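Notes follow the structure.
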Ligand SMILES: [Fe+2]
């Protein structure tokens, strides 16, 4: 140990120093006064101190206090020739570790050092344990914070991924309310569109409502109050139980806290997500607000992107329809062919029991089935007579060209198959891929029959139009050869029972 001795009796100080050195403690510094001791303390640190109770410039007890203030853990042994009980008690109360009575022997000093060493060991153990406990507490705190951050990040990632996966605006709003309902304390959610021109709110999606609570669509907002809030820049506003009547006219009495989250595109509100909370009377916790803010911003962006994309696709689709019109306008004999084929195909699909989405696909892609012809020279397309073998080979490329044109249009595989495969034959002798039987996609098989029927009943420069009956006979003749027999049967049923070919006058 490094030991400080404060003793005004130089001889006694030197004797104690010698004792300590004989006991193996070489690093000893002896001071003759309190001020000298304080100066030594400011220069270096000591592991323990021996202090005389009476010093020339200060009282030993005062020095004890000063030393303890400077280094609280350092053991201090008080020394006196005449220790009274009062002094001893006072010294112990002020933190003295032991009392050494003068004159002392080597054995007295050795015993005192043993006690101090033990005290120091206990003190060190105590400090070490306290540090360990402190470190463990800090670690637990950091772990809790880390867990909470990881959990928040995971939820943000989940929200982000869920919204990124949405492909149509039909799915968007139900998914948004579903995601909002998965956040803590949310009991039910509803989403309202706020069209600017009508000034009213329209409920279009809800989650968490029980069958006996059909009132979400019937909530009546007080337009003026909600309008004011929407016009503000607030990311959300919380409406407590007592305020609800100011904002809504017919919300049940049992409703607790509600949160309204405006959704904006470029600062303009277009909708309102309303969440109903249980067990939440005050403001939402910051973590929950962050999750909601993220969900609202991400969803608003998705709505904007989807609207832009749909508008682009709509424009592109419009352009393609115009091209089909332009293409057909060049040929006196094919005017409105695509429109009629689409009509026939949709009707035959109804007879066949196709789903609404399949019929919708036929309406979308049926019109574009010959779009690939814009890649074929006009001289071939509008040639008055029969085509040569080479010219026919060129015309046969139009399904593949058409498929390539619509590849970026976002059509479904079923829709694209109409364009690519409407010249395949049931017996496999068609083009471009030589598919046969049920390997040819169903909607393409329907368009094939509709396409052929319209071609046969249309006038050409080199032949007259067939009558409906003749065309039906031709279809029946090629049943299970060129055409799917089931589709032919449905088509013929449609023509005969529903007055199908009523467009003859337009040709
Ligand atoms: Fe075609």
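Observations, loosely collected:
- Within segment 378-401, the set of residues being within 14 Å of the ligand (Cβ to nearest atom) and modelled with pLDDT under 90 comprises 380, 381, 387.
- Taking the listed residues 433, 427, the one that is part of a loop (DSSP other than H, G, I, E, B), farther than 19 Å from residue 454 by Cβ, modelled with pLDDT of 90 or more and more than 16 Å from the ligand (Cβ to nearest atom) is 427, with no other qualifying.
- Cβ-Cβ contacts under 9 Å between residues 6 or more apart (or on different chains), taken from a first residue in segment 123-142 that is closer than 15 Å to residue 72 by Cβ to a second residue that is not in a helix (DSSP H, G or I), are listed as 123/73; 123/75; 124/73; 127/73.
- Scope segment 326-359; condition within 16 Å of the ligand (Cβ to nearest atom) and farther than 24 Å from residue 472 by Cα; matching residues: 327, 328, 330, 331
- Residue list for segment 458-468, restricted to those being away from the ligand (no atom under 16 Å from the Cβ) and either crowded, with 18+ Cβ neighbours inside 10 Å or closer than 17 Å to residue 348 by Cα (or both): 468
- One residue stands out among those in segment 436-448 that are touching a residue at least 60 places away in the same chain (Cβ under 8 Å) and within 16 Å of the ligand (Cβ to nearest atom): the one that is nearest to the chain's Cα centre (by Cα), which is 443.
- Residue within segment 98-120 that is in contact with a strand residue (DSSP E or B) (Cβ under 7 Å, 6 or more places away or on another chain), assigned to a loop (DSSP other than H, G, I, E, B), touching a residue at least 40 places away in the same chain (Cβ under 8 Å) and not assigned by TED's automatic domain parsing to the domain that holds residue 304 present: yes
- Annotation: of all residues in segment 360-377 being surrounded by fewer than 20 Cβ atoms within 10 Å (Cβ to Cβ) and away from the ligand (no atom under 15 Å from the Cβ), the one that is nearest to residue 391 (Cα to Cα) is 377.
To keep it simple, each residue is scored yes or no on (1) in the same structural domain as residue 409 (by TED's automatic domain parsing); (2) surrounded by fewer than 18 Cβ atoms within 10 Å (Cβ to Cβ); (3) more than 22 Å from residue 209 (Cβ to Cβ); (4) over 23 Å from the mean Cα position of the chain (by Cα).
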{"site": "234", "(1), (2), (3), (4)": "no, yes, yes, no"}
{"site": "246", "(1), (2), (3), (4)": "no, yes, yes, yes"}
{"site": "274", "(1), (2), (3), (4)": "no, no, no, no"}
{"site": "285", "(1), (2), (3), (4)": "no, yes, yes, no"}
{"site": "293", "(1), (2), (3), (4)": "no, yes, yes, no"}
{"site": "301", "(1), (2), (3), (4)": "no, yes, yes, no"}
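- Condition check for residue 435: surrounded by 20 or more Cβ atoms within 10 Å (Cβ to Cβ) and in contact with a strand residue (DSSP E or B) (Cβ under 8 Å, 6 or more places away or on another chain): no
- Residue within segment 402-418 that is away from the ligand (no atom under 16 Å from the Cβ), under 50 Å from the mean Cα position of the chain (by Cα), farther than 30 Å from residue 308 by Cα and surrounded by fewer than 20 Cβ atoms within 10 Å (Cβ to Cβ) present: no
The values are calculated or read from the model by the stated rules, or taken from the named source; none is laboratory data. Predicted model, so just to flag it, every value in this text is computed and none were measured. Every residue, glycine as well, gets a Cβ built from its backbone with ideal geometry; the counts of neighbours run over all protein chains shown.
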